[in-house]
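Trainee: I have a structure I would like to understand better, so I am pasting it below and will then ask my questions one at a time.
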Amino acid sequence: MSFCDPRQISLEVPAASSESMAEGAPIIYLDPATVAEARRRGDDPRKLEECTKYLMTHIYGLLPGPPVPIAAARTHAACAAAASDGVDRISALPDAILRNIVSRLPVKDAARTAALSRRWRPLWRSTPLVLVDAHLFPRGRSFGVSASAPTRADTPGIVAAVSRILAAHPGPFRCVHLLCGFMGSYQAQLEHWLRFLAAKGVDDLILVNRPWPFEAALPAAILRISTLTRLYIGMWKFPDIAGLPTNTAFPNLRELGIYAVAMEKEGREVEFIVARSPVLETLNIQGGNTQVLRLRLEHRSLRCVQICSCCVENLAVVDAPCLERLVLYDSLSKDDSCVRVKIVHAPRLRLLGNLETGFHMLEIHDTFVSAGIRSSPSALFTSVKILGLNVNFGVRHDAQMLPNFLKCFPNAESLHVVCAKCSEATSLVSPNFWDDAGPIESIVSHVNVLTFREFKGEANAISFLKYFVQNAQMVKNVAVVLANPQFTSYSIDTLWTAKILKSVRWASKISSMQVYRSDDSEGGLIWSFQRGSDYSIRDPFVY
């Protein structure tokens, strides 16, 4: 093989052997050692397989897509057509335009342009490429978790193809997305790739391992790639940061995603990268295990922080002058203890969610928010316009905390409430509780949109809805979304038959109400990182 001629490089992953394909996919993710260990403990490895499949489906759904969609990449050849007169006008375009064309092609098609003519031959090597391992599979194969998804038998072919491409191209790379390999047994090759990318340069890197093993070590070489503008890693064990050079930096990194990554230092690994990324704007963290995270955020350029399905013991936003969106979704706890959320300095914070009234211990500046205690001026966050809350209306304490949370955000204009699942209901709040709690400025004077999701007809939820419509003078739209009928007997017919909201006098004269039935899984839709960080969407909570 000639090092310089891309036409001689095999860029396609060979099909898995008929034997391995014939074995089907009863066990795809679990390696033999994990299967044997599960059976030794008396567990069914298929259940662990299903859990892993669910987690991987979730992670793939949260990842940004490549510049060339995978489905579109496989139809490029079919879409190509020559001019009707047979004249090649494209080759007459300037080099800059031709390189732009090549940089938008899947890597296989980009390499094949070298065979078109002498005019095109040098362009492949002088163009920042898009390398997505899913593009290397034959048509009909999928990179996700379907029946045609990559298996362990495909990984040697993936490793060989990626190695050839990285060795043959001098760089830089526009984007490298590697999602299809079971890389736990290919640590040496992975480190070699990362050293190549550190030397040659890459803007956009997504690196997700397919387990098992579940916590394969991610080589520290990834922290030496200083050209990155976007980095997502998933299903790894974070490198040890203790021995890294003091000058480690990511001067161009604007977007960071960490998905189901084991961290031994309780989140200090995240703080390490954030502190060395002066232009970072978006931080997304998705949990995948029960390890505890303690995060302290001090950053001058962060605009959006989203933390989902994580055991966060303590989150402190100490100094984030540009922070506009902060989302904590589906917070977990290792021992049922509360999660402390402290916000000190975030003067531009406009969107905050989904605070859980019975689970998040909210501290604004130096004041704790507690049930029955009047909010002080120091505990007000006036910049927040969009507020998302999770309330377990079946638990009296959680319902009683709702007015206190609302009073901390007097200028909220959009209020989005999710009725959390209640495993064991407690006593009801008194009929006069909401009136006795005193006026809530945001409801009386500012809220113009209310969404009420996963509604199951709890008495405390109904009493809050009545209070809201009787006092919300500015509301224009109320949307009540009933929980999936699989999880509740409460229905649209029940809501209207009870005339819950028709029997009270609405404070607003121009409001409308819609009632929907959810088809989502229990607990509602999973949060979308892409939607949450898309600033063209003013309110990502809107139903």
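Trainee: Tally the residues that are out of contact with any Phe, Trp or Tyr (no Cβ under 7 Å at 6 or more places or on another chain), outside any helix (DSSP H, G or I) and buried (at least 20 other Cβ atoms within 10 Å of the Cβ), restricting the search to the range 269-280. If you could, list the steps in order and put the result at the bottom.
Mentor: Of all residues in the range 269-280, those out of contact with any Phe, Trp or Tyr (no Cβ under 7 Å at 6 or more places or on another chain) come to 270-272, 274-275, 278-280.
Pick out the ones that are also outside any helix (DSSP H, G or I) and you get 278-280.
Then drop every residue that is not buried (at least 20 other Cβ atoms within 10 Å of the Cβ), which leaves 280.
Here the count works out to 1.
Trainee: Run H169 past the list (1) of a type outside the set (A, V, I, L, M); (2) open to solvent by 10 Å² or more (accessible area, probe 1.4 Å); (3) more than 20 Å from the chain's Cα centre (by Cα) and report the number of the one that doesn't hold.
Mentor: It is condition (2) that H169 fails.
Trainee: Further question: I'm trying to understand the selection: among the residues of the range 92-106, which are part of a helix (DSSP H, G or I) and free of Cβ contacts under 8 Å to residues at least 60 places away in the same chain? I'd like the intermediate steps shown before the answer.
Mentor: Initially, the range 92-106 is screened for residues part of a helix (DSSP H, G or I), giving 92, 95-103.
The answer is A92, D95, A96, I97, L98, R99, N100, I101, V102.
Trainee: Considering each residue of the range 304-321, count those that are within 12 Å of the chain's Cα centre (by Cα) and not hydrophobic (A, V, I, L, M, F, W, C), and give that number.
Mentor: Total satisfying the criteria: 2.
Trainee: Please give the number of the condition S430 fails out of (1) in contact (Cβ under 8 Å) with a residue 12 or more places away in the chain; (2) part of a loop (DSSP other than H, G, I, E, B).
Mentor: It is condition (1) that S430 fails.
Trainee: Let me ask you something else. How many residues does the range 281-322 contain that are buried (at least 23 other Cβ atoms within 10 Å of the Cβ) and out of contact with any strand residue (DSSP E or B) (no Cβ under 8 Å at 6 or more places or on another chain)?
Mentor: Residues meeting the conditions: 0.
Trainee: In the range 447-489, how many residues are on the phi < 0 side of the Ramachandran plot and either outside the structural domain of I510 (by the TED database) or more than 30 Å from the chain's Cα centre (by Cα) (or both)? Working first, answer last.
Mentor: Restricting attention to the range 447-489, the residues satisfying the condition of being on the phi < 0 side of the Ramachandran plot are 447-453, 455-456, 458-489.
The next check asks that each one be either outside the structural domain of I510 (by the TED database) or more than 30 Å from the chain's Cα centre (by Cα) (or both); those that pass are 458-460, 462-476, 489.
Of the residues in that region, 19 qualify.
Trainee: Q400 fails exactly one of the following numbered conditions: (1) of a type in the set (S, T, N, Q); (2) farther than 23 Å from W527 by Cβ; (3) under 33 Å from the mean Cα position of the chain (by Cα); (4) in a loop (DSSP other than H, G, I, E, B). What is the number of that condition?
Mentor: (4)
Trainee: Can I ask one more? Only residues that are open to solvent by 10 Å² or more (accessible area, probe 1.4 Å), without any contact (Cβ under 8 Å) to a residue 40 or more places away in the chain and closer than 23 Å to T488 by Cβ: list them for the range 405-425, please.
Mentor: Of everything in the range 405-425, those that are open to solvent by 10 Å² or more (accessible area, probe 1.4 Å), without any contact (Cβ under 8 Å) to a residue 40 or more places away in the chain and closer than 23 Å to T488 by Cβ turn out to be C422, S423, E424, A425.
Trainee: Sticking with this structure for a sec: Looking at the range 471-529, which of the residues that are touching a Pro at 6+ places or on another chain (Cβ under 8 Å) and open to solvent by less than 50 Å² (accessible area, probe 1.4 Å) is modelled with the highest pLDDT?
Mentor: Within the range 471-529, the subset touching a Pro at 6+ places or on another chain (Cβ under 8 Å) is 471, 491, 517, 528.
Okay, now just the ones that are also open to solvent by less than 50 Å² (accessible area, probe 1.4 Å), so 471, 491, 528.
Values: N471: 94, S491: 72, S528: 90.
In this case the residue turns out to be N471.
Trainee: Could you check A216 against (1) crowded, with 23+ Cβ neighbours inside 10 Å; (2) touching a Gly at 6+ places or on another chain (Cβ under 7 Å) and say which number it fails?
Mentor: Checking A216 against (1) crowded, with 23+ Cβ neighbours inside 10 Å; (2) touching a Gly at 6+ places or on another chain (Cβ under 7 Å), the one that fails is (1).
Trainee: Next question. Against the definition (assigned to a loop (DSSP other than H, G, I, E, B), open to solvent by 10 Å² or more (accessible area, probe 1.4 Å), out of contact with any Cys (no Cβ under 9 Å at 6 or more places or on another chain) and at pLDDT 90 or above), how does S383 come out, yes or no?
Mentor: yes
Trainee: Oh, and also: Does the range 336-355 include one or more residues that are touching a residue at least 60 places away in the same chain (Cβ under 8 Å) and surrounded by fewer than 21 Cβ atoms within 10 Å (Cβ to Cβ)? Break it down into steps so the answer makes sense when it comes.
Mentor: Applying the first criterion (touching a residue at least 60 places away in the same chain (Cβ under 8 Å)) to the range 336-355 yields 351, 353-354.
Now narrow it down to the ones that are surrounded by fewer than 21 Cβ atoms within 10 Å (Cβ to Cβ): none.
Within the range 336-355, not a single residue is touching a residue at least 60 places away in the same chain (Cβ under 8 Å) and surrounded by fewer than 21 Cβ atoms within 10 Å (Cβ to Cβ).
Trainee: Within the range 84-136, which residues are open to solvent by 70 Å² or more (accessible area, probe 1.4 Å) and touching a helix residue (DSSP H, G or I) at 6+ places or on another chain (Cβ under 6 Å)?
Mentor: R119, R121
Trainee: Out of the residues in the range 276-294 meeting the condition of being at pLDDT below 95 and touching an Asp or Glu at 6+ places or on another chain (Cβ under 9 Å), tell me which one is nearest to L315 (Cα to Cα).
Mentor: R294
Trainee: Is there any pair linking a residue in the range 200-215 that is touching a residue at least 12 places away in the same chain (Cβ under 8 Å) and under 17 Å from L179 (Cβ atoms) to one that is in a loop (DSSP other than H, G, I, E, B) and small (G, A, S), with Cβ under 7 Å and at least six apart or on different chains, and which?
Mentor: Hits for this filter: N209/A216; R210/G181.
Trainee: Run down L465, L428, L402, L450 and say which single residue is among the aliphatic types (A, V, I, L, M), open to solvent by less than 10 Å² (accessible area, probe 1.4 Å) and farther than 19 Å from K509 by Cα. Can you show your working first?
Mentor: On the way: L465 fails: farther than 19 Å from K509 by Cα; L428 fails: open to solvent by less than 10 Å² (accessible area, probe 1.4 Å); L450 fails: farther than 19 Å from K509 by Cα.
After applying the criteria, what remains is L402.
Trainee: If you don't mind, there's one more thing I want to ask. Only one of these conditions is not met by G457: (1) modelled with pLDDT under 85; (2) open to solvent by 40 Å² or more (accessible area, probe 1.4 Å). Which number is it?
Mentor: The number of the failed condition is (2).
Trainee: Assuming E266 fulfils every condition listed in (1) open to solvent by less than 40 Å² (accessible area, probe 1.4 Å); (2) over 22 Å from V202 (Cα atoms) apart from one, which condition is it?
Mentor: (1)
The values are calculated or read from the model by the stated rules, or taken from the named source; none is laboratory data. Just so you know, these numbers come straight off a predicted model, no measurement behind them. Here the Cβ is made from the backbone with ideal geometry for all residues, glycine too, and neighbour counts use every protein chain on show. When the accessible area is computed, the model is the full protein with side chains, heavy atoms only, and any ligands, DNA or RNA have been set aside. Shrake-Rupley method; radii C 1.70, N 1.55, O 1.52, S 1.80 Å.
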